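Have a look at the structure below, then the notes.
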Amino acid sequence: MKFEFFIARRYLVRGRKSSFISIISLVSIIGISIGVAALIIALSLINGFQGDIRNKILSSTAHIMVNNIVGDGLEGYEEVIKDITKRFKSIETAGPVVFGTILIKGSGKSASGAILRGVDLTLIRDEGWQEKLLTGRLPLLKNELLIGKELSRRMGLFRGDSCLIISPQPVLSPTGIIPRMKKFRVSGVFQSGLYEVDNSTIITNLNAAQRLFKLQNKISYIQIYLRDLFDAETIAEKLREILPMRLSVITWKDLNAALYSALEMEKTVLFFTLTLIIVVAALNIIAGLMLLVIQKIKDIGILLSYGATPKLIKRIFFIQGSIIGVLGTTVGVVIGVVFCYLANKFELIEVPAGMEEFYQLSYVPFSLSLIDILAVMAASLFISFIATLIPSKKAASINVVDAVKNE
């Protein structure tokens with residue numbers, strides 16, 4: 001193998017007659033490097049956005065939710081929580097939630113629809129509402145609420161202001177059926193980092209929400225947080241086996257299946273699209289090696305006359321093409337990884353002005369994945385090796401008599 005490698009390296013970098021072919025080889029290396037780097041950067045960009053979106057969604061959504069299929073509220077939730085937390089050590093916290101749509105009205109004439117969530121705020125580790133506070137404090141007292149930043153700005157409601165919450169639950173009065181209304185005080189304003197949540201969510205304590213929706217000792221669902229969020233599907237399957245049939249178990253992936261499916265499809269399409277750059281560079285490998293085979297017919301004939309086998313000739317040109325593929329892939333990986341590191345460290349790609357509030361990002365994040373890097377390397381090397389087979393087979397098929405006669 002040392003002899004084949006020596007000849008291949010010599011053909012690749014030396015010789016006055018092969019200067020044009022050396023340029024083609026260099027262009028091939030550059031092309032593969034660009035393709036590999038572009039793939040790594042693009043996949044890291046999608047990973048960065050996907051990770052950021054997942055973190056923001058999970059900051060306001062439980063890993064697993066258990067509710068009543070009928071939808072009239074879940075009774076005896078204390079025993080269910082106690083049972084599942086005892087059975088599964090991977091559950092970090094589990095708490096009750098009351099959930100419903102309401103109409104909120106400030107001091108002005110405007111009103112807006114919103115989602116009200118009543119949670120057990122003693123379990124602040126669940127969603128970290130304390131860390132999300134911009135102003136004020138948690139709504140621990142009776143008829144207090146926490147309002148999202150965007151909804152607060154839109155409604156003109158800030159810390160200390162009073163508002164009217166109108167529930168769809170009807171109340172029978174002497175004048176007939178009227179909507180249930182309750183006066184609440186804004187105890188603080190929060191920012192989750194997710195625009196839709198900040199624009200439509202109100203948080204209050206569990207007791208206040210139960211009184212508002214007339215649930216008494218019932219809740220809407222149990223929210224479960226795991227030590228590892230990727231265990232959600234495994235734990236959910238086990239919960240479905242032990243919990244009564246009337247209870248439904250939903251994971252964070254089920255709730256956001258469409259979004260994550262779209263992101264994964266985009267990532268797959270991007271991978272195959274940018275792989276075409278590597279394919280184009282591989283065509284240069286074929287062209288360069290084919291020209292080299294034609295130019296080196298005399299050398300091939302001499303090697304064959306001295307006893308070299310067609311397999312040895314094939315290996316020489318295969319090794320040469322493989323060197324181009326390995327060099328291009330290695331350089332591309334280094335460029336891609338270094339770019340992602342510098343882009344994150346120095347925040348090179350900033351989010352356009354005016355879009356920061358919507359995306360809740362000041363710069364574009366890149367997240368490197370070892371699996372993605374290995375997949376890109378494997379694809380690049382595979383394409384390079386396949387491209388090398390054509391000219392190497394052509395070189396191995398040359399007859400010694402024809403080679404010498406040609407010269």
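The values are calculated or read from the model by the stated rules, or taken from the named source; none is laboratory data. Because the structure is predicted, anything quoted here is derived from the model rather than measured. FYI the Cβ positions are ideal-geometry reconstructions off the backbone, even for glycines, and counts take in every protein chain you see.
Some notes on this structure:
One line per residue, one yes/no per condition, for (1) closer than 30 Å to I53 by Cβ; (2) modelled with pLDDT of 90 or more; (3) among the acidic types (D, E):
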| position | (1), (2), (3) |
| --- | --- |
| V331 | no, yes, no |
| C340 | yes, yes, no |
| Q360 | yes, no, no |
| I371 | yes, yes, no |
| M377 | yes, yes, no |
| S380 | yes, yes, no |
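- Within the option set S187, S167, being under 24 Å from P139 (Cα atoms), part of a strand (DSSP E or B) and at pLDDT below 90 holds for one residue only, S167.
- In segment 73-96, of all residues being in contact (Cβ under 8 Å) with a residue 12 or more places away in the chain and within 28 Å of the chain's Cα centre (by Cα), the one that is farthest from L215 (Cα to Cα) corresponds to S90.
- The residues on offer are S107, S90, and the sole one that is modelled with pLDDT under 90, of a type in the set (S, T, Y) and in contact with a Ser or Thr (Cβ under 9 Å, 6 or more places away or on another chain) is S107.
- Subset tally (residues that are buried (at least 19 other Cβ atoms within 10 Å of the Cβ) and either of a type in the set (V, I, T) or over 13 Å from P365 (Cβ atoms) (or both)) for segment 44-58: 2
- Any hit, segment 226-241, residues being surrounded by 15 or more Cβ atoms within 10 Å (Cβ to Cβ) and part of a loop (DSSP other than H, G, I, E, B): no
- Residues that are surrounded by 20 or more Cβ atoms within 10 Å (Cβ to Cβ) and either among the β-branched types (V, I, T) or assigned to a helix (DSSP H, G or I) (or both) within segment 211-225 comprise L212, I219, I222, I224, listed in sequence order.
- Taking residues in segment 186-197 that are assigned by TED's automatic domain parsing to the domain that holds E150, and partners anywhere that are acidic (D, E), the pairs with Cβ atoms closer than 8 Å and at least 6 places apart or on different chains are V186/E144; V186/D161; S187/E144; F190/D198; Q191/D198; S192/D198; Y195/E150; Y195/E357.
- Within segment 308-342, if we keep just the residues that are part of a helix (DSSP H, G or I) and free of Cβ contacts under 8 Å to residues at least 40 places away in the same chain, the residue that is nearest to F6 (Cα to Cα) turns out to be T330.
- Every test in (1) in a helix (DSSP H, G or I); (2) at pLDDT 90 or above is passed by V197 save one, and that test is (2).
- Odd one out for G156, checked against (1) crowded, with 20+ Cβ neighbours inside 10 Å; (2) touching a Gly at 6+ places or on another chain (Cβ under 7 Å); (3) not acidic (D, E): (1)
- Some residue of segment 226-242 being modelled with pLDDT under 85 and of a type in the set (K, R): no
- Which numbered condition K182 fails, given (1) out of contact with any Pro (no Cβ under 6 Å at 6 or more places or on another chain); (2) assigned to a strand (DSSP E or B); (3) modelled with pLDDT under 90: (3)
- Residues in segment 68-101 that are farther than 26 Å from K182 by Cα and part of a strand (DSSP E or B): N68, I91, E92, T93, A94.
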